[in-house]
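Structure, as structure tokens:
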Amino acid sequence: MNTKSNEFTIAKPWRYKRYYLYAFATIFTLILPWIKVNGNHFFLLSFDKLQLHLAFVRFDMQEFYLLPFLLMLMFLGIFAITVLGGRVFCGWLCPQTIFRVFYRDLIETTIVGLRKRIKNKQEEPDMSLRKNKIKKAIAVGIAIPLSLLAAADFLWYFVPPEDFFSYLSDIPNHWTLFGIVIGVALFLLYDIIILKENFCVYVCPYSRVQSILYDEHTIMALYNPHRGGKIYDEHHNKLVTKQKDLLAVDPNAECTTCQACVTVCPTHIDIRKGLQLECINCLECVDACTTVMGKLGKESLVTWSSDYEIIEKKGKTKYFRPKIIGYIVLLLGISVILGMMGSKKEHMLLNINKENRLYSTKVMPDGKVRVNNSYVFLLQNTQSQTMKFYFEVIPPKGMEGKIKILKPTKAFNAQPGVKKKKIVTLSTTDTLVHNPIKDSVIPITIHAYALDKDGKKSEKISVLRKSSFIYPKESVLKASK
């Protein structure tokens, strides 16, 4: 706000900036589920296929250990935003707020004219009038398909669009999905039409959490009592209601008691009381006071600032303070860990379980005893096309080439996304260990890999798994002969 010829140039209201952000967020969240890179989504948590898509990389069930880090990033990020900017998330990014503003300001006020002015959110329409009932019905009629679209968009992050519509076309076999869509849509309608801002005030637990996160440097919508005058005492009891009464107490008070900051508030609070849990930092009150005071050639009495700067008047707000730096370090650290763990993604899944029988023995024609160990390989091809897989045995040092693959004798095909069960037998005719007392557990490593089109080992699609080869004691070997 700049002074020129004793007049103030009023900047574009915060309300319009929020509208732009709401529009961008809505379009972005609607489009994002449709974007795929190499068949993978930016974010998809599929309980149906037990997959997590993150940044266009697909992770399978065994790699769901990434989820806790995503949740930590989300919650720590919201906490950091709260410490820095109060409930700015509630006013600018929360889906409930976006839905409510779209319905109240766009549908009810702008499209059907049920509400008279966007700047008056305290006055509810007179629903005893027939014309208002018709307008209300039209507004609800517009909200219903939008709620269904929002519910579908929400589910697209759990059931991708390509599956979502095919499932809905077969409702008898996917009635749960259909029920969730209807349930979410009904909740949205109840939330934005009946519950309204009471959700923010009474239901959402975030308003209670914020009180322990705030500090004196947290920026929020604040009324400046040093300039405007004291309207409420420390117990939130109203002292004056008219400007003449305020001037009688404080001749320098600038507040006009016009109530513009009160009538525009969506959560129905008076910002002049001071910090209140119901405030969602939408900054509507800042816009209202800026307009009124600007006409008088003065700066707004309600600003987006901190207690430290406005109420206590100790100096400028400190944005990069130890608490904020701590959150930044935590968020960066978790992001690095998540990136490192995500970069180690395995492009095939393999579980190796040993059969109940430890081993079997067989005397060969040359008189040697062959020792067999059998395993169950559970393999899943996580690629999008059918591939050939095989493996090799890596024994301890000094036993190279002594443990061989008896079966399977050649590479086998695995369909994409389908778990394949394979019985594997390893054998040896060499004497691995001399132990007259007990069987010996020999640690081995299984290197499983895919074959490329040329029949060569794929460097990308391969995994290493630890297992063991049980070699019998000498008495068993002698008895076999």
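The values are calculated or read from the model by the stated rules, or taken from the named source; none is laboratory data. Treat the numbers as computed from the prediction; the structure is a model and nothing was measured. Reconstructed Cβ throughout: ideal geometry from the backbone, glycine too, with neighbour counts over all protein chains shown. Just the protein is used for accessible areas: all its heavy atoms, side chains included, with ligands, DNA and RNA removed. Shrake-Rupley method; radii C 1.70, N 1.55, O 1.52, S 1.80 Å.
Just to be sure, is Thr409 of a type in the set (Ser, Thr, Tyr), over 18 Å from Ser360 (Cα atoms) and under 41 Å from the mean Cα position of the chain (by Cα)?
When the stated conditions are applied, Thr409 does not pass them.
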Which numbered condition trips up Ile144, out of (1) open to solvent by less than 50 Å² (accessible area, probe 1.4 Å); (2) over 29 Å from Phe75 (Cα atoms)?
-> (1)
Based on what the data block shows, is Asp48 surrounded by fewer than 17 Cβ atoms within 10 Å (Cβ to Cβ) and among the acidic types (Asp, Glu)?
-> yes
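Could you please let me know if Thr382 is of a type in the set (Ser, Thr, Tyr) and surrounded by fewer than 18 Cβ atoms within 10 Å (Cβ to Cβ)?
No; evaluated as a whole, the condition is false for this residue.
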Check off (1) of a type outside the set (S, T, N, Q); (2) within 26 Å of Ala23 (Cα to Cα); (3) in a helix (DSSP H, G or I) for Tyr202 and give me the number that stays unchecked.
-> (2)
Do we find a residue being modelled with pLDDT of 90 or more and either farther than 30 Å from Gly229 by Cβ or in a loop (DSSP other than H, G, I, E, B) (or both) anywhere in the range 380-389?
-> yes
Which listed residue is assigned to a helix (DSSP H, G or I) and open to solvent by less than 60 Å² (accessible area, probe 1.4 Å), from Val181, Val159 = Val181
Report whether or not Ile118 is of a type in the set (A, V, I, L, M), farther than 19 Å from Leu277 by Cα and not in a helix (DSSP H, G or I).
-> yes
Of the conditions (1) over 30 Å from Tyr327 (Cα atoms); (2) exposed (fewer than 14 other Cβ atoms within 10 Å of the Cβ); (3) among the basic types (Lys, Arg), Arg208 clears all except one; give me its number.
-> (1)
If you check Ser468 against the conditions, is it over 11 Å from Lys388 (Cα atoms), polar (S, T, N, Q) and surrounded by 16 or more Cβ atoms within 10 Å (Cβ to Cβ)?
-> no
Any pair with Cβ under 7 angstrom, 6 or more apart, that starts in the range 16-30 at a residue that is in contact (Cβ under 8 Å) with a residue 60 or more places away in the chain and farther than 21 Å from Val286 by Cα and ends at one that is in a helix (DSSP H, G or I) and not polar (S, T, N, Q) | Ala25/Ile98; Thr26/Ile98; Thr29/Asp153; Leu30/Asp153
Pick from the range 396-444, criterion in a loop (DSSP other than H, G, I, E, B) and either small (Gly, Ala, Ser) or under 22 Å from Glu459 (Cβ atoms) (or both), ranking: least open to solvent (accessible area, probe 1.4 Å) | Ala411
